[in-house]
Amino acid sequence: MACKKSPGSRTEIQEAIKEQGEQIRKLKLEEQTDEVKNKIKEETAKLVELKKKIDNEQGSQKFVLKTPKGTRDYTPTQMAVRAEAFKAIVGCFERHGAEQIDTPVFEMKETLTGKYGEDSKLIYDLADQGGELLSLRYDLTVPFARYVAMNKIDKMKRYHIAKVYRRDNPAMTRGRYREFYQCDIDIAGQYDAMIPDAECVKIVSEILTDLKLGDFTIKVNHRQLLDGMFAVCGVPEEKFRSICSAVDKLDKLPWEEVKAEMVGEKGLDHSVADKIGEYVKLKGGMELVESLSADEALSENKSAKAALDDMKLLLQFVGLFDITDKVSFDLSLARGLDYYTGVIYEAILTGKQPDLGKAAKGEPVGVGSVAGGGRYDNLVGMFDPKGRKVPCVGVSIGIERIFSILEAKAKAAGKVRTTKTQVLVASGQKNLLPERLKLVNQLWQAGIKAELLYKKNPKLLNQFQFCEENGAPFCVVIGESELLQGVVTLRDMASREEALIKREELCDVIKRRCSTEMGTGGKDKDGESAQLVGGSKDLESGEEDDSIDKCKPEKKGFGAKCLTCFRGCFGFILFPFVFIITFIACLIWIILLPAKCCSPCCAPLFDWLVQLLMLPVRFYRWVLGKDRDETKQ
């Protein structure tokens, strides 16, 4: 361990730095001969060494543990919410027949270069690694196109969930990071027009509905329609992409600012910008397609006419998927990435969202888009040596922004279960650790999620409290009496009901009860996720019972609190008397029992003695476990 310098030593170093700096300045005023120049180099090296000593000392004092800018750690609660979201997304992808792949987190730099337009400056470049210039992947679409070209794939429907990296200005409270997950599904191959495109829109609708994010709108447009619109308005062809990037900012900036960028930075005429403004303000459905088809200027443009035919077909398929009310044909949608060639889409949330916390200066107010994608027919051909093209269309779910909303909702709703434990193996008596270990091993081997406390003789109250705090639905209690009878006590932590279960039937009973409580796929009978704790479902009626809380003490009224206090005091007073009466009864039993009684008729007497010895324990459990039952009654 390095010794810190005393304040006197630090002061001396600072004085030496001043003197050294003054000496260098004097040397620089002299005639710059070779000798003087060498002397300056020597004195400068000494100055650097002195400054290093100060920097090292300051570094040891000011070092702060933190994550890099634009990244964060995830708590168990956040990971539990994230796992539920991933489960819904993967379920949707697999429901539509997608298969999963993975690609390296970094790619060759030339693989990513020139694919993202103005956003290429956000790519993280890595240091030279033995002659290979590498970059962290910016998205999952370009690596997929490289994968398709490299493996000579003609048709594929794949999904990919992984982290990507962008050197962007982060907005942490709004779900914008430099390291974040993307959830992509893409359909590669030559198919009839707009069928896979419409399915991608349907997938977005299903995911946002399954995640219960509230009202949303999926905006759709066509890249060729934008190109045709720019041509009709008088935009030079070489400026199509740069003007498209400017239009893409309309979801964040007012038209006046976007127009100023077109005119001031892109060099567009005011009249041309005004014509673009008339178009990009239009939005609607099939009626907008008909209206634009009647526009003489657009109808004469080949790209625009083909795009309108595609949009008409897309909206027809969307209607067959019963999501017309969720889709809006919006001419302001541009999607700034260069590789899009056809239909493009973006999903935004329109309903009221939970408070995401105070935004930092310069951060946007909302989470922005939560999904986006489109058709990219030429991207695979950029990687194929022979230029072989494989048409592709896909969508990416902005999962980090969705996480921000889900985490805020979970925080407002109550405690979230962070473990999957179904059973806690407990005991209220001493020296039963070997039996607890045997029982928990039996449960593990049966595939049951079980735990036990890491203490030789834990208190029964602490074990029950563990179940309450962690949301474990069941507790298996063993004792001397249960061991003699070959049974265990299975306690339902929600209802406080207990039942004696034969040891050999325990695993089947627990599996049956857990499947009854959770239903298929970890959901209750209403199909709602059972991840959030703060209430339970009545399994017979399907109605929510707020009086049962598996993870935290329920809120009680004044009368219930008084009743609980009374029962606790009553039990505390009576417990010594119950213990004394039991002790006296045992003495009388031993005195009256004939010596060396081994006949079968004595067996019931021994069993009665065991039950008598368990009386104080059962009374103790009764005092601790009946308060909520009394409150509910």
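The values are calculated or read from the model by the stated rules, or taken from the named source; none is laboratory data. These numbers were taken from a predicted model, which means no experiment stands behind them. Positions of Cβ are backbone-derived with ideal geometry, glycine not excepted, and every protein chain shown enters the neighbour counts. To get the accessible areas, we keep the full protein, side chains included, count just its heavy atoms, and leave off ligands, DNA and RNA. Shrake-Rupley method; radii C 1.70, N 1.55, O 1.52, S 1.80 Å.
Give me the percent relative contact order of segment 267-355, please, defined on Cα pairs under 8 angstrom at least 6 residues apart. In percent, rounded to a whole number, it is 34. For the pair residue 150 and residue 121, a Förster radius of 25 Å applied to the C-beta separation gives a FRET efficiency near 0.40, rounded to the nearest 0.05. A straight chain from residue 195 to residue 512 at 0.36 nm per residue would run longer than the Cα-Cα distance by 109.8 nm. Surface analysis of segment 221-344 yields an accessible area of 46 Å² per residue, using protein heavy atoms and a 1.4 Å probe. Percent of C-alpha pairs per 5 Å bin in segment 88-195, short distances first: 2, 11, 19, 19, 20, 14, 10, 4, 1, 0. Give me the percent of the accessible area of segment 88-132 that comes from carbon and sulfur atoms, probe 1.4 Å, all protein chains in place. That share works out to 51 percent. Put a dot 7 Å past the Cα of residue 294, heading toward its Cβ, do the same for residue 389, and the two dots end up 3.4 nm apart. A straight chain from residue 86 to residue 286 at 0.36 nm per residue would run longer than the Cα-Cα distance by 68.6 nm.
With all pairs of different C-alpha atoms in the average, the Kirkwood value for the hydrodynamic radius of segment 80-123 is 13.5 Å. Per-atom-type breakdown for segment 138-251 gives carbon and sulfur 45% of the accessible area (1.4 Å probe, protein chains only).
Applying 1/(1 + (r/R0)^6) with r as the Cβ-Cβ distance of residue 468 and residue 252 and R0 = 56 angstrom yields a FRET efficiency of 0.75.
Spherically averaged projected area of the convex hull of Cα atoms, segment 382-447: 11.2 nm². Subtracting the Cα-Cα distance of residue 75 and residue 419 from 0.36 nm times their residue separation leaves 122.6 nm of extension gain.
Each Cα pair under 8 Å and six or more residues apart adds its separation to the average, and for segment 41-154 the resulting relative contact order is 18 percent.
Considered as an equivalent ellipsoid built on the Cα gyration tensor, segment 429-478 has semi-axes of 17, 16, 7 Å, the largest given first.
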